[in-house]
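Participant: Have a look at this one.
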Amino acid sequence: MIHADVKKPAITQPELWRPNSAIVARANLTRFMREVERQYSMALPEYWDLDRWAVEHPERFWDVMFSFGGVISETRGDVVLADGRCMPGAKWFPQARLNFAENLLRRRDDTTALVFWGEDRIKRRLSFSELYDNVSRLSQALREFGVGPGDRVVGFLPNMPEAVIAMLATTSLGAVWSSCSPDFGVQGVLDRFGQIEPKVLIGVDGYYYNGKVHETLPRLVEIERQLPTLKKMMVVSHVASNPDISNLTNAILFNDAIARHSATTIVFAQLPFGHPLYIVFSSGTTGVPKCIVHSAGGTLLQHLKEHLLHVDVHPGDRLFYFTTCGWMMWNWLVSGLAAGATLLLYDGSPFVRNGNILFDYADAETMSIFGTSPKYISALEKQGLVPRKTHRLTGLRTMLSTGSPLAPADYDYVYDKIKRELRLSSISGGTDIISCFVLGNPLLPVRRGEIQCRGLGMKVEIYNDAGRSVRGEKGELVCSAPFPSMPIGFWNDPGAEKYRASYFERFANVWCHGDYAELTGHDGFVIYGRSDAVLNPGGVRIGTAEIYRQIERLDEIVESIVISQEWGNDVRVVLFVKLRDGISLNETLIERIKAQIRAHTTPRHVPAKILQVRDIPRTKSGKIVELAVRNVVHGRPVKNIDVLANPEALDYFRARDELNQ
């Protein structure tokens, strides 16, 4: 188990699910434990023995994971970890050479690799052999356009098969892939792609959302004009059968580009384990987005560990995550191909068909693993949906949630209204590591309101302000030893100054992730929100999720956002609520809200002000933006408004007379 210097009595949360003997016997994790026992002639009586061994012997753990995951590599080498005491600076498998795409294209049979639903308007599927052949054709086209190792190819695409094909073709050549979703405005795209100077852009003619067509060709024209490094643009036909690309200077239709080539055996570029694979972007709500560079080997190995051991993905499983190409969960989802899963792709609103479409999808395609967000789960509850009564969900055995903390009430809803025999795994990590620090586990019980465990091989701890590891109290979530999916660095960051400042300034030689969290008595985790959004009235640190968890229990409230406002010589807590249609905030409801928070937290948590707004601003990946609202309330500028899905919502927070009282 995880050892901490300071321990406090644990509050035991009720178990909502526990694996039966058949689940334990079938789990990849059980098989992995037996493999470790065999290789090292040791006994691992329970999961926590493996967890402790993996942290104490990281080189052995990741070496076994390399083999267990069936990593395809030209060479592997004898060294697992070099400069292991450096953080950053550690180098994993420095002698290995491999190709990321080759590991995801292991199969060439006729079983289904990708299923795609574009709301309820488009349905497509590709077999593994069709996926391979399309990647082969596109990689030849990219090579024809001059793309080689280290070049950047970018996607302005929905979560559709062409996005997967484009990423795999790009990385098969050793080029670097980056993407954003087509709901980004021109400036949001330029803020990202302009920094990394792409050679080729693969865009879409439009997309569907909530039954409406949104055309994107005019934006592509402007993007092309302002990206001088582009040598070629490829346009995917999605909302039109033959889109007019005559206003683009150097463009070709995607289908025309690949039609010029016959499918052949792909020659995968064999490159170092640490070769750049992806560039992903921070949210950009406080400035120009950071360009975070991730390695091919580190991403592959970490994702294999999470999919195989923590999620328990088996060949033939149907893996779904509701995501766009602008969120790292898309990268995470696509890696499921390396575990032999069929990917279920979806683009559009999740609330089509009165909120039932994703469960319709689950039934139609026998979904095994359903990935979503707390916001979606909460919205289902507010709408009064009871999927267990309206859908079969016979294949569904695991539900994943990330993007924000999952409230205890959300656990109750999933088990009461969706499916009882289901492992609900809240997971948390981020774009920064393109993976997770804390996740689910098929061998452990699910406890209400808790994340099951830390990721294997990740020395995740909670530090107090003095830098001591603690249990049973809130603090900073850190990782105090290197791990393979640490970024290579940031793009255009000489001397890694920005990289070090982002994660290593708070505690020397320790990754400080920026989450305010707690380690429970049975080695689970609770996330209380982002550290930079923590409320601090009277010097008491309060995680925003502590308040959200109480607010979500009130039927009148659709969603909320809480900030700290500078007031006098201190700060005060201000809560903004979006209410159901036809409901107005009055003194009775205000007192109910305060009573709910006071009864289940402390008097310090009770907001000094509660105000009604018509909407809550959020990023395009669905995360509410507490810092942006805080800036607006204090009359400060909000940078990069283009990253917001609904920037007009900020107007509801400006110049409110109530905030001066």
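Residues are listed down the side, and each one gets a yes or a no for (1) over 30 Å from residue 632 (Cα atoms); (2) surrounded by 23 or more Cβ atoms within 10 Å (Cβ to Cβ); (3) not assigned by TED's automatic domain parsing to the domain that holds residue 50:
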{"position": "288", "(1), (2), (3)": "no, no, no"}
{"position": "295", "(1), (2), (3)": "yes, yes, no"}
{"position": "298", "(1), (2), (3)": "yes, yes, no"}
{"position": "301", "(1), (2), (3)": "yes, yes, no"}
{"position": "320", "(1), (2), (3)": "yes, yes, yes"}
{"position": "325", "(1), (2), (3)": "no, yes, yes"}
{"position": "332", "(1), (2), (3)": "yes, yes, yes"}
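Participant: Here is a follow-up. Hey, any hits in segment 144-154 for a residue that's part of a loop (DSSP other than H, G, I, E, B) and within 23 Å of the chain's Cα centre (by Cα)?
Facilitator: Checked against the condition, which is being part of a loop (DSSP other than H, G, I, E, B) and within 23 Å of the chain's Cα centre (by Cα), segment 144-154 yields no hits at all.
Participant: Report, ordered by the first and then the second residue, all pairs with beta carbons closer than 7 Å, sequence separation of six or more or different chains, a first member in segment 109-130 that is assigned to a strand (DSSP E or B), and a second member that is hydroxyl-bearing (Ser, Thr, Tyr) and crowded, with 20+ Cβ neighbours inside 10 Å.
Facilitator: Within 7 Å, the pairs are 112/342; 113/342; 115/342; 117/346; 117/361; 118/208.
Participant: Would you check which residues across segment 206-251 are part of a loop (DSSP other than H, G, I, E, B), free of Cβ contacts under 8 Å to residues at least 40 places away in the same chain and under 28 Å from the mean Cα position of the chain (by Cα) and list them?
Facilitator: Passing the criteria: 227, 237, 239.
Participant: Applying the selection to segment 434-443, what residues are part of a loop (DSSP other than H, G, I, E, B), surrounded by 23 or more Cβ atoms within 10 Å (Cβ to Cβ) and among the hydrophobic types (A, V, I, L, M, F, W, C)? Explain how you work it out, then say what you get.
Facilitator: Filtering segment 434-443 down to residues part of a loop (DSSP other than H, G, I, E, B) leaves 434, 440-443.
Checking which are surrounded by 23 or more Cβ atoms within 10 Å (Cβ to Cβ) leaves us with 434, 440-441.
Listed by number, the list holds a single entry, 434.
Participant: Name the residues in segment 300-333 that are assigned to a helix (DSSP H, G or I) and closer than 22 Å to residue 620 by Cβ, would you?
Facilitator: 328, 329, 330, 331, 332, 333
Participant: Okay, next question. Of all the residues that make up segment 185-205, how many are charged (D, E, K, R) and either assigned to a strand (DSSP E or B) or more than 23 Å from the chain's Cα centre (by Cα) (or both)?
Facilitator: Residues meeting the conditions: 3.
Participant: Report whether or not residue 277 is in contact with a helix residue (DSSP H, G or I) (Cβ under 9 Å, 6 or more places away or on another chain) and not in a helix (DSSP H, G or I). So that I can check it myself, show each step before the final result.
Facilitator: Working: in contact with a helix residue (DSSP H, G or I) (Cβ under 9 Å, 6 or more places away or on another chain): yes; not in a helix (DSSP H, G or I): yes.
So residue 277 passes the test.
Participant: Here is a further query. Would it be correct to say that residue 625 is under 25 Å from residue 350 (Cβ atoms), of a type in the set (A, V, I, L, M, F, W, C) and touching a residue at least 24 places away in the same chain (Cβ under 8 Å)?
Facilitator: Numbers: under 25 Å from residue 350 (Cβ atoms): yes; of a type in the set (A, V, I, L, M, F, W, C): yes; touching a residue at least 24 places away in the same chain (Cβ under 8 Å): yes.
Yes.
Participant: On to the next question. Which residues, taken from segment 609-635, are out of contact with any Lys or Arg (no Cβ under 8 Å at 6 or more places or on another chain) and over 28 Å from residue 401 (Cα atoms)?
Facilitator: The answer is 631, 634, 635.
Participant: Among the residues of segment 567-611, count how many are among the acidic types (Asp, Glu) and under 19 Å from residue 542 (Cα atoms).
Facilitator: Here is the first cut: in segment 567-611, the ones among the acidic types (Asp, Glu) are 570, 581, 587, 591.
Add one more test, that the residue is under 19 Å from residue 542 (Cα atoms), and what stays is 570.
Count: 1.
Participant: So which of 650, 611 ends up being surrounded by fewer than 17 Cβ atoms within 10 Å (Cβ to Cβ), in contact with a helix residue (DSSP H, G or I) (Cβ under 6 Å, 6 or more places away or on another chain) and either among the small types (Gly, Ala, Ser) or free of Cβ contacts under 8 Å to residues at least 60 places away in the same chain (or both)?
Facilitator: None of the others qualify; the one that does is 611.
Participant: Then there is this: I'd like the residue in segment 58-84 that is among the β-branched types (Val, Ile, Thr), under 14 Å from residue 274 (Cα atoms) and in a loop (DSSP other than H, G, I, E, B) and, out of all such residues, is farthest from the chain's Cα centre (by Cα).
Facilitator: Among residues in segment 58-84 that are among the β-branched types (Val, Ile, Thr), under 14 Å from residue 274 (Cα atoms) and in a loop (DSSP other than H, G, I, E, B), the one farthest from the chain's Cα centre (by Cα) is 79.
Participant: Separate question: If residue 364 satisfies every condition in (1) surrounded by fewer than 23 Cβ atoms within 10 Å (Cβ to Cβ); (2) touching an Asp or Glu at 6+ places or on another chain (Cβ under 9 Å); (3) small (Gly, Ala, Ser) but one, which is the exception?
Facilitator: (2) is the only condition that residue 364 fails.
Participant: Which count do you get for residues in segment 448-488 that are in contact with a strand residue (DSSP E or B) (Cβ under 6 Å, 6 or more places away or on another chain), part of a strand (DSSP E or B) and over 26 Å from residue 540 (Cβ atoms)?
Facilitator: Summing the residues that are in contact with a strand residue (DSSP E or B) (Cβ under 6 Å, 6 or more places away or on another chain), part of a strand (DSSP E or B) and over 26 Å from residue 540 (Cβ atoms) in segment 448-488 gives 2.
Participant: Of all strands (runs of 3 or more DSSP E) completely enclosed by segment 549-639, which ones contain at least 1 residues that are touching a Gly at 6+ places or on another chain (Cβ under 8 Å) and in the same structural domain as residue 656 (by TED's automatic domain parsing)?
Facilitator: 570-579
Participant: Related question: Quick one: which of 54, 96 is modelled with pLDDT of 95 or more, in contact with a strand residue (DSSP E or B) (Cβ under 8 Å, 6 or more places away or on another chain) and closer than 19 Å to residue 482 by Cβ?
Facilitator: 96
Participant: To continue, here is another question. Count, please, the residues in segment 336-389 that happen to be outside any helix (DSSP H, G or I), within 22 Å of residue 645 (Cα to Cα) and of a type in the set (Gly, Ala, Ser).
Facilitator: Qualifying residue count for the region: 5.
Participant: Of all residues being in a loop (DSSP other than H, G, I, E, B) and in contact with a strand residue (DSSP E or B) (Cβ under 7 Å, 6 or more places away or on another chain) in segment 505-521, which is surrounded by the most Cβ atoms within 10 Å (Cβ to Cβ)? Just the residue, please.
Facilitator: 520
Participant: Moving on. For segment 68-93, enumerate the residues that are among the small types (Gly, Ala, Ser), at positive phi and at pLDDT 95 or above.
Facilitator: First, pick out the residues of segment 68-93 that are among the small types (Gly, Ala, Ser): 69-70, 73, 77, 82, 84, 89-90.
Among the residues that remain, those that are also at positive phi are: 70, 77, 89.
Once the filter is applied, which keeps residues that are among the small types (Gly, Ala, Ser), at positive phi and at pLDDT 95 or above, segment 68-93 yields 70, 77.
Participant: Right, here's the next one. Check segment 394-403 and report whether any residue there is at pLDDT 95 or above, surrounded by fewer than 23 Cβ atoms within 10 Å (Cβ to Cβ) and on the phi > 0 side of the Ramachandran plot.
Facilitator: Scanning segment 394-403, I find no residue that is at pLDDT 95 or above, surrounded by fewer than 23 Cβ atoms within 10 Å (Cβ to Cβ) and on the phi > 0 side of the Ramachandran plot, so the answer is no.
The values are calculated or read from the model by the stated rules, or taken from the named source; none is laboratory data. Given the structure is predicted, the values throughout are model-derived calculations rather than measurements. Because the Cβ atoms are built from the backbone with ideal geometry, glycine has one as well, and the counts that use them run over all protein chains shown.
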